[in-house]
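Report on one structure; see the data block that follows.
The values are calculated or read from the model by the stated rules, or taken from the named source; none is laboratory data. Quantities reported herein were computed from a predicted structural model and do not represent experimental measurements. FYI the Cβ positions are ideal-geometry reconstructions off the backbone, even for glycines, and counts take in every protein chain you see. The protein model used for the area step is the full one, side chains on, heavy atoms only, and it has no ligands, DNA or RNA in it. Shrake-Rupley method; radii C 1.70, N 1.55, O 1.52, S 1.80 Å.
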Number of protein chains: 4
Amino acid sequence: MSATWGTNIELSIFGESHGKAIGVVIGNLPAGIALDMEAIKKDMGRRAPGKNKMSTARKESDEVEIISGVIDNITTGAPLTGLIYNSDQHSKDYSYLKELMRPGHSDYSAYEKYHGFNDVRGGGHFSGRLTAPIVFAGSIAKQILKQMGIQVGAHIKSIKDIEDDSFGIDVNEEILNDLLLQEYPTINKEKYTLMKKTIEQARINQNSVGGMIECAIINVPAGIGNPFFDSIESHLSPLLFSIPAVKSVSFGIGEEITNLLGSEANDSYYIDNGVVKAKTNHNGGILGGISNGMPITFKVGIKPTPSISLKQETINVKTKQNAILEVKGRHDPCIVPRAIVVVEAMAALGILDILGYERLK
Amino acid sequence: MSATWGTNIELSIFGESHGKAIGVVIGNLPAGIALDMEAIKKDMGRRAPGKNKMSTARKESDEVEIISGVIDNITTGAPLTGLIYNSDQHSKDYSYLKELMRPGHSDYSAYEKYHGFNDVRGGGHFSGRLTAPIVFAGSIAKQILKQMGIQVGAHIKSIKDIEDDSFGIDVNEEILNDLLLQEYPTINKEKYTLMKKTIEQARINQNSVGGMIECAIINVPAGIGNPFFDSIESHLSPLLFSIPAVKSVSFGIGEEITNLLGSEANDSYYIDNGVVKAKTNHNGGILGGISNGMPITFKVGIKPTPSISLKQETINVKTKQNAILEVKGRHDPCIVPRAIVVVEAMAALGILDILGYERLK
Amino acid sequence: MSATWGTNIELSIFGESHGKAIGVVIGNLPAGIALDMEAIKKDMGRRAPGKNKMSTARKESDEVEIISGVIDNITTGAPLTGLIYNSDQHSKDYSYLKELMRPGHSDYSAYEKYHGFNDVRGGGHFSGRLTAPIVFAGSIAKQILKQMGIQVGAHIKSIKDIEDDSFGIDVNEEILNDLLLQEYPTINKEKYTLMKKTIEQARINQNSVGGMIECAIINVPAGIGNPFFDSIESHLSPLLFSIPAVKSVSFGIGEEITNLLGSEANDSYYIDNGVVKAKTNHNGGILGGISNGMPITFKVGIKPTPSISLKQETINVKTKQNAILEVKGRHDPCIVPRAIVVVEAMAALGILDILGYERLK
Amino acid sequence: MSATWGTNIELSIFGESHGKAIGVVIGNLPAGIALDMEAIKKDMGRRAPGKNKMSTARKESDEVEIISGVIDNITTGAPLTGLIYNSDQHSKDYSYLKELMRPGHSDYSAYEKYHGFNDVRGGGHFSGRLTAPIVFAGSIAKQILKQMGIQVGAHIKSIKDIEDDSFGIDVNEEILNDLLLQEYPTINKEKYTLMKKTIEQARINQNSVGGMIECAIINVPAGIGNPFFDSIESHLSPLLFSIPAVKSVSFGIGEEITNLLGSEANDSYYIDNGVVKAKTNHNGGILGGISNGMPITFKVGIKPTPSISLKQETINVKTKQNAILEVKGRHDPCIVPRAIVVVEAMAALGILDILGYERLK
């Protein structure tokens, strides 16, 4: 089971939902980076469960203990290891998961791969909880990018059929900063109430909903990336698809571009006070795998949380018979709001891996 | 500029649209594979231009000369190199491309990356022509997968707003074989005429259209893949985004899943004569990054061909001024039909790279 | 600073000599491996300091706490993380190392690389202590190899000018097992006293000595490895050179082969009861980067411990002036005996990474 | 069979001794590098066979045709492909190599790996001829390093028991340039005659000899490299062991360091006009895997050419019986002189891969 990624910044994530701790080793960081621990804490909080009645019942502080690679909050250049201890690790009886395969979860595919040896408690290593160390690493990546003038931000593009506006061509730091102040970050703030209602309704129905997140990376200079296998899209997409529940990734206006004519889809260039700009950004700032100086934008589609309290049909792998599954207790009826900071983290890690540290002063 | 990909099967692609030759080095192939040269030729023909009045005017036979790694059509285990010579390499004057940046193409982003040193003739290394060696490698991958019982096939899911049906849960070899017999492979054959008309209209208007391709990989056993960075999605998506003009990748029913409730999105398992099956396949055969035994299905969105004959606004990078671009001559008004075999190739290469050769008898 | 290695088995090592803990994340392990915790403990003990008056004064139990990837001593298939806490982490004043560069150590090269931000206490991340997690990972690798019938063992080939015999062509399990019973493993046991005396003399003189280790990997089937960049030698050598103080790596009889004639150096094959064997093994079981079925043998040269109590000339990087360094206290006058298990670990990890798990029943 | 290497500069080598062509794809080269084709030709000539009666009878011009990645001798940034056609590809009958395994060659290990499907003519992909594309790539790497002020050079350290002096601590451009003017480059030119005589004697006796090459990389700034798996030694050694016939690699004074006391082995630093220097260079310019500003020096041991005309005992893999092999014709009695430029190439490629292009103006 590979848990390693990256070249200019390397990640190894590890841990299980109900093991002693989860964490990440971050390699290839430059020495001398002063970490903003407050910013990291804030990002961890954006992902953490238990914030309100709509998310999962699990209460975890998600505090990161850094056990290597940092002295006095400054990176030493050695691998940085962050540990997050699991506080409620022995809380429940998960033995039914050894037999009953939850639909929509990795239970059955993992059972086949690991021949039943995998840790099933709370999803084990497949738990969405593993995104906590990714948010930690991403928070550091965002701080480094910030020193190069690059910023990453995201908003809820949709919850089920409730759609927010899209980032415009003029997405800027102010807009991204404003999103950070919202509980459910949207561009059109009127959508907030409708989205919240949709999620609340799902919760009441013991069901769940999904949605889409749109992300922007601004101030990436033109000329970054590569054609083919090392394109920006080829570099970001595996990270985004690593987020549990993500089923689609698209750049710029995404699938909509297939409905345009070529004359509409092509983003015309013009000179604005000596600076090259494009009149539209249907291609999301990437052409031929390489940045063209426009904001890099993309969307990810997140499926409804597979954990629901409704009865479901499934199989028992021990008895090899059909079975009914009913998992009572509180589930997160929609993970989209908590996933925003995870998407940001992946975007930041991916773009930093492409950029390297040359531009770091 | 990285042109290398893969572990169990390695690719290095090279060449420019108007250089002497394009090609690919394929590493890590097992020795003793008898190549079906006829099948390779057929696949090359499916991608080749100049087949009918609707595709580009360029006539290339796209014959592959294998210069290493094969004796008497049997792999030796050494790196296999395939060369495709460019027959009409000096045909046109491309000097205007040194100054005028075609919208929707990589011209400007490449100009910034390579400081003007890149080969601009016919798009140089960024040309869609570089997909020819990929089809060659993919054709070999498909032959190896076939020996493991695994088959890859694809159809046009849409041309602009004309939509074909989707693969059903029962997609099988027969259905995939039938698609190979069609010029514009669709599941609902009535859509063929409408699609053709849409493309023809774009051609007449000196414009272009895009569309979507749906691909299925059948008979992949459950338990293949990994969580997180090495998930099946994370392995396939960078390959698919390496195809020029691909702007979106989604698995299963893709973005539509964000409109379902959890109870609808979860694919319920049941036992069918001792075999584990799912009643639906919204998740495209992948859960937690690992196959669950159902067909692996995904869709890619392809933007309208950026090359159009209509006048377009752009910039001149030498004079740093706004300019008008008009590229006369014949362009491919829609590359979707020719891209089908490229998508198949990437799917085959990606899944073979995950599987390795253990299952090869 | 990259701390990641491997494909079929992946390692990420982390930690500093005087940080909270050191450790390793081991990825891509198969599920269902029952770990022999006693064997791991024994291997950790072979490397641990403080065993006798001849090694360093530091007392560390080097107990590994496994915090992920294992349930009831059986691997789950998820990344396995082992932590080793540093017990005497605040014991000494190391501030002088911020200024005075110890000759023979990484102090100055690291100072230039990390601009002085690196952790200097006890050598920080460069400490030989980081070989402890490697021994842990190697011990697991040896257990997996054992299930394939493959065994790794090593002996002291020399301490300064005192030379042991070399492994013969008939090195076998019995010989390797016998080495494990010795404090200073040698083939010619009479050399033990001389070696011990040489080390003791160095200690008395506040000086240090080095030596060579010879390692054998037996029962590797013929046909494993690759030509060129993925040769067995190319796979093992970077691991061996990762061991602090290793300055040379050679296969078979090593440099001596340059003194032979071709007719002597070539290992002649013959058939022995239907089995292909060679009459000599000057090439150490590897030809063209691939195993030929003979024992794989290699030697590494380890320089004298750079830490000595004698006064040494050096520089002060703060004052930019020449300086005298004197580091009192106990130092390890020879690390060769403790390095044996580290060499074994690297050999096991390297060969397992080449083999993968196909042969594992 | 993997033939790919590198990150900042990527290589894929391909071809067989008696196929149509051998070659290399070089990825990740920066755009705008003006290639000195004359220097490349000179380097190719240094490796080429048939120069005098002492080397192999094969006459190959070893001219490289660049078929991608270069326009008007300037790199475009796209993958650069160099082809070298095999001129005498059908000259001999090699069918006996399908049965009789030449001792000291890869014949038997390759037979086991490829189950007899590998190309055996002239050694196929295992031929020393595959070092020609490596010399080509290395020649380009040397040109790029030169623009950063870094130079690579090597000399014959020994032929059998005839030893040359070693590079001193003051090895400089002048010394390295002088070596390029010699047919058999030595520091102590009086050794030339003895070496030549030793090789000539081996030729007369239908036998062969080996030897050692010492290489220096000068002007590498302090602070380059990494601890552990990405140390300079770990980066260079797999490349050096990729050279056919190399059996040992050592840095600095190599194995001799194991005979010194710590007080002798440690290279003391001092300040020379504000510049940090070391009084000795036993460690070859590398400490903790990182450069310390001293010349990087290393030695490789090359075994006697396994091809000899004397009768040899071996096996027939078809009949499974013992056999006598006698290969008449001219063989290269010593490849050490021709290997010098190959060692330089590997050193240049390895160090450039570590450095990247940041320092390139």
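Here are the numbers for the structure shown:
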quantity	calculated
Accessible area per residue in Å² at 1.4 Å probe, computed on chain B	34 Å²
Ascending list, in nanometres, of distances separating the residue A:219 label from those of the other copies (7 Å, Cα toward Cβ)	3.7, 5.4, 6.1
Loop-located GluC sites (Glu not before Pro) in the range C:307-352 whose Cβ has at most 16 other Cβ within 10 Å (DSSP)	C:326
Of D:42/D:299; A:196/A:279; C:303/D:303, those spanning more than 29 Å from alpha-carbon to alpha-carbon	A:196/A:279
Chains D and C, summed buried accessible surface - 1.4 Å probe, Å², nearest 100	7500 Å²
Shortest-first distances to equivalent copies, position residue A:38, nm, label 7 Å out along Cβ	5.6, 6.4, 7.4
Cα-based Rg and Dmax for the protein assembly as shown, where Dmax is the largest Cα-Cα distance (Å)	31.4, 94
Accessible surface of residue B:43 - all protein chains present, 1.4 Å probe, nearest 10 Å²	20 Å²
Other-copy label distances relative to residue C:326, 7 angstrom Cα-Cβ extension, nm	7.4, 8.2, 9.0
List C:75, A:7, ordered by accessible area with a 1.4 Å probe, largest first	A:7, C:75
Shape call, the range A:1-49: gyration tensor on alpha carbons, a/c limit 1.5	oblate
Within the range B:154-288: Cβ-based charge dipole about Cα centre, in debye rounded to nearest 20 (Lys, Arg +1; Asp, Glu -1)	400 debye
Student exercise, chain D dipole from Lys, Arg, Asp, Glu Cβ charges, in Debye to nearest 20	1200 debye
Cα gyration tensor shape for the range A:279-347, rounded if a/c is under 1.5, else prolate or oblate	prolate
Diffusion constant of the range B:146-273 at 4 °C, which comes from Stokes-Einstein with the Kirkwood Cα-pair radius and 1.567 mPa s, µm²/s	76 µm²/s
Cα-based convex hull, chain A, per residue volume (Å³, whole number)	149 Å³
Ranking by accessible area, most exposed first, for C:324, C:150 with a 1.4 Å probe	C:324, C:150
Kirkwood Rh in Å, taken over all unlike Cα pairs in the range B:94-181	16.7 Å
Selected from A:321, A:217, A:11, residue furthest toward positive end of dipole (chain A; charges at beta carbon)	A:321
Lys, Arg +1 and Asp, Glu -1 on Cβ, resulting dipole of the protein assembly as shown about Cα centre, debye, nearest 20	0 debye
Tensor-based shape of the range A:236-316 (alpha-carbon gyration tensor, a/c under 1.5 rounded, otherwise prolate or oblate)	prolate
Axis-nearest residue of A (beta carbon) for the A-onto-B rotation, whole Å	A:237, 2
Alpha carbon Rg of the range B:6-157, scaled by the compact-globule rule 2.2 N^0.38 Å	1.15
Cβ-based charge dipole, chain C, positive-most Cα from C:175, C:199, C:103	C:103
Percent accessible area from carbon and sulfur atoms, chain C, protein chains only, probe 1.4 Å	49 percent
Principal semi-axes in Å for the range A:315-361 [√(5λ), Cα gyration tensor, largest first]	44, 17, 6
Positive-end extreme of charge dipole, the range D:73-159 - chosen from D:145, D:87, D:118 (charges on Cβ)	D:145
Residues of the range D:305-321 buried by at least 30 Å² on assembly (accessible area, 1.4 Å probe, chain alone as reference)	D:313, D:315, D:320
Cα gyration tensor of the range B:175-225 - equivalent ellipsoid semi-axes, whole Å, descending	31, 14, 7
Descending semi-axes in Å of the range D:223-361, equivalent ellipsoid built from Cα gyration tensor	40, 18, 14
